[in-house]
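The values are calculated or read from the model by the stated rules, or taken from the named source; none is laboratory data. Since this is a predicted model, take the numbers as computed values, not measurements. We place every Cβ from the backbone using ideal geometry, glycine too, and count neighbours over all the protein chains shown.
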Amino acid sequence: MIFSNDNIRRQDRLLDEERAMEIIKEGEYGVLSMQDAGGNGAYGVPINYVWDRGNSIYLHCAPAGRKLECIDKCPNVSFCIVGRTKVIPEKFTAAYESVILECTAHRSLHEAERMSALSLLLSKYSPNDKMRGIEYANKSFARTEIIRLDIEKISAKCKRTGL
């Protein structure tokens with residue numbers, strides 16, 4: 001995993017690595033962008049996620065669908081997480097923070113990794129109901145696919161005016 005803002009055109013709007021990692025950790029959702037499996041351009045979808053605080057992001061979904069078809073066709077994906085934002089109407093602008101992850105997507109993971117990812121997701125989104133969540137995850141395990149995004153590169157950008 002490489003943090004690099006070298007390719008950001010507006011070098012005056014770089015977001016530092018420490019804040020980028022906070023956004024990855026705390027973000028509620030990200031937008032997964034893929035190549036359309038049918039060759040008809042791009043496909044992007046907002047989705048909840050969890051970061052393992054290492055090199056991987058985990059997503060959960062149904063065991064069939066367009067996302068998985070796209071990943072099977074091309075596992076190279078982009079995942080965008082937006083931090084704080086604020087529209088400043090009187091200045092015709094917005095303040096924002098965003099992180100873009102270039103990743104390789106993997107599916108059909110081993111059961112232990114899938115359950116571990118579900119546990120991480122429950123800790124993030126349902127910390128007060130984790131035990132009930134584990135029971136629910138066990139019952140619906142066969143109907144749940146886990147996607148692991150291995151992070152190759154991270155870049156981050158911001159415009160702080162008004163945040």
Selected residue (criterion: farthest from SER126 (Cα to Cα)) from residues of the range 1-46 that are touching a helix residue (DSSP H, G or I) at 6+ places or on another chain (Cβ under 8 Å) and not in a loop (DSSP other than H, G, I, E, B):
GLN35
Give TYR58, TYR49, TYR96 a once-over and let me know the one that is surrounded by 15 or more Cβ atoms within 10 Å (Cβ to Cβ), of a type in the set (Phe, Trp, Tyr) and at pLDDT below 95.
TYR96
Return the pairs, sorted by first residue and then second, in which the second residue is assigned to a strand (DSSP E or B) and at pLDDT below 95, the first residue lies in the range 43-63 and is more than 19 Å from ILE154 (Cα to Cα) and aromatic (Phe, Trp, Tyr), the beta carbons are less than 6 Å apart, and the residues are 6+ apart or on different chains.
none
